[in-house]
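What follows draws every value from the coordinates through simple rules; no lab data is involved. Small disclaimer: the values here were computed from a predicted structure and weren't measured. Cβ coordinates were reconstructed from backbone atoms using ideal geometry, including for glycine residues, and neighbour counts include every protein chain displayed.
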Amino acid sequence: MRVRRAVTIGRKMETERDVTRVLVVDDEELQRTALASMIKLWGYAVETAADGQEALEKLASFDAHVIVTDLNMPRMNGQELLKRLKEDGDAPPAIVQTAYGSLETAVNMVHDLGAFWFLEKPVQSQALRLLLERAATHEKLAEHAERLERQLSNQGLLGEMVGSSPKMREVFSLIQQVAPSRAAVLITGESGTGKELAARAIHALSPRRGGPFVALNCAAMPDSLMESELFGHEKGAFTGAVDRRAGCFELAQNGTVLLDEIGDMPVALQAKLLRVLEDSRVRRLGGKSEIQLDVRILAATNSPLEAAIREGRFREDLFYRLNVFPIPLPPLRDRKDDLPSLAAALLGDLNRKHGTKVTDVSKEVLERFRAYNWPGNVRELRNVVERAVILAGEGTILPSHLSASFGGSGSTAPSAPAAAASNSEELRIPVGSTIEQAERALIELTLEHTRHNKTRAAEVLGISQKTLFNKLKEYGAQTAGA
Ligand SMILES: Nc1ncnc2c1ncn2[C@@H]1O[C@H](COP(=O)(O)OP(=O)(O)OP(=O)(O)O)[C@@H](O)[C@H]1O
Ligand SMILES: [Mg+2]
């Protein structure tokens, strides 16, 4: 039944995307046509059937969003119809019309057969109209969710996360399971495996998605600053606190906080953090009153916390508080099947960023990607593809767009063709050259490769366009074209 509906939906979507389809089932002809024309007037597409049997037949080609059915009918009654649809696992919401005396049956149908609601005969048109609207919204939401789910699983996507390998599917499933809850999640994985991306996906799939997502990197700041970043401070709380400031928990009120690189948080702060997590309350440094928090906590780390606990650098009680639901992210080398889809997704993203028109990655390049170990994981892949996109500008990424040293050290296959990079890619600088000469040679070679696109050349070289322009002026190389 699923398949039938999916197919029908696909076929009908072009023409009838927004029209809600209603099937009216009633054995009394007058009643049936009167109902049908009234519902049509309200803007629905309507089909009719004289009993349950005919309804099933109609449904094979008419993909109803809502069914309005009578109870007592010859051949197959309304109850049997709903039972059959339920068994098929794909019943659209049904509004049951009941005659005097069959109220109990109708109530049971709502309970046992999932009927949407019932209406006593004679049916009040306003009540029916309202119920139809509700039932249709309900069904369309379900259909939308189903279509989304199907798209996600077909493309191996979760938000911005790409991956269809079994390992990534497992990660997606964990994210989908935990997202709707309030549970603390500890995301672990090597650098560049997508921990922050996973945290954002959890937030985006949670009921808090409308609230803020605030990430605090515990490794990137001095200990003295971190306390105030976490909890906030009042004006004059310490020297330099010239203004009152909200901490990350307050900023994330009704949303999600990601405590990134949590393993780097100083032990003294860990105790304070634990207290905030347990009380769901925070007090700014130098503040008097406490602020009630409604914040979901996610934490990420690339160093195993178990080792830090053994060495006394991480509090065990905090670990248990954060590790309610662990999500380990696999390193890229363990899911190389994801390389083509990752590369394709990165191309799209990087084309937008650089205004380039690169369409794909050549087979040879993908082979070299496969042979490589990717110690820097997806972030490293992104960097490699970014450089290649800038150099290629359009068309296909070829081995010549990879840096000459690519695959040298991290390669798993000793015979990886790293040294096979074309000569025009390599710069040979004889000992005895000055820095200036070397720099000029590199700039000129890069320009050649970007077909004299200075914006791209500056990006590859990691210098500003202005610097590049000044250097070219110096070399008297303005002949390089626009
Ligand atoms: N599954 C994925 N699909 C698409 N892009 C990804 C995926 N995983 C990571 N990325 C990209 O790789 C880069 C690194 O990801 P992210 O910052 O989430 O990693 P991280 O694990 O937090 O790294 P670090 O430990 O260094 O902070 C980002 O540009 C991100 O968009
Ligand atoms: Mg990170």
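What to note about this one:
- When peptides 443-454, 353-364 are sorted by average Cβ neighbour count within 10 Å, with the highest value leading, the order is 443-454, 353-364.
- Relative exposure of I175, I67, judged by other C-beta atoms within 10 Å (fewest first): I175, I67
- Between N108 and V19, the simple spin-label model (points 7 angstrom out along Cα→Cβ) gives 3.8 nm.
- Note on K363 and E57: the extension gain reaches 105.1 nm, defined as 0.36 nm multiplied by sequence separation minus the Cα-Cα distance.
- The orientation-averaged projected area of the convex hull spanned by the Cα atoms of segment 159-330 comes to 9.9 nm².
- Percent of C-alpha pairs per 10 Å bin in the chain, short distances first: 4, 15, 16, 16, 18, 16, 10, 5, 2, 0, 0.
- Reachable lysines from K86, criterion Cα separation under 27 angstrom, eight or more residues apart if same chain: K12, K40, K58, K121, K140
- Highest average packing first - 103-115, 68-80, Cβ atoms within 10 Å: 68-80, 103-115
- Phi to ³J(HN,Hα) by Karplus 6.51 cos²θ - 1.76 cosθ + 1.60 over segment 389-400, Hz, x for Gly, Pro: 4, 5, 5, 6, x, 7, x, 9, 7, 10, x, 5
- Per-residue Cβ neighbour rank within 10 angstrom, fewest leading, R296, R200, R182: R182, R200, R296
- Computed packing ranks the peptides 187-194, 59-66 as 187-194, 59-66, most packed first, by mean other Cβ atoms within 10 Å.
- Loop-resident sites, segment 319-387, for chymotrypsin sites (Phe, Trp or Tyr not before Pro), counting at most 11 other Cβ within 10 Å (DSSP): none
- Taking 22 Å as the straight-line reach from the Cα of K363, the lysines in range (excluding those fewer than 8 positions away in the same chain) are K336.
- 32 Å Cα-Cα threshold exceeded, pairs from K167/K454; K167/K272; K353/K473: K167/K454; K167/K272
- Once the chain from Q437 to K473 is taken as fully extended at 0.36 nm per residue, the excess over their C-alpha distance is 11.5 nm.
- The label point for Y320 and the one for E87, both projected 7 Å from the Cα toward the Cβ, are 5.1 nm apart.
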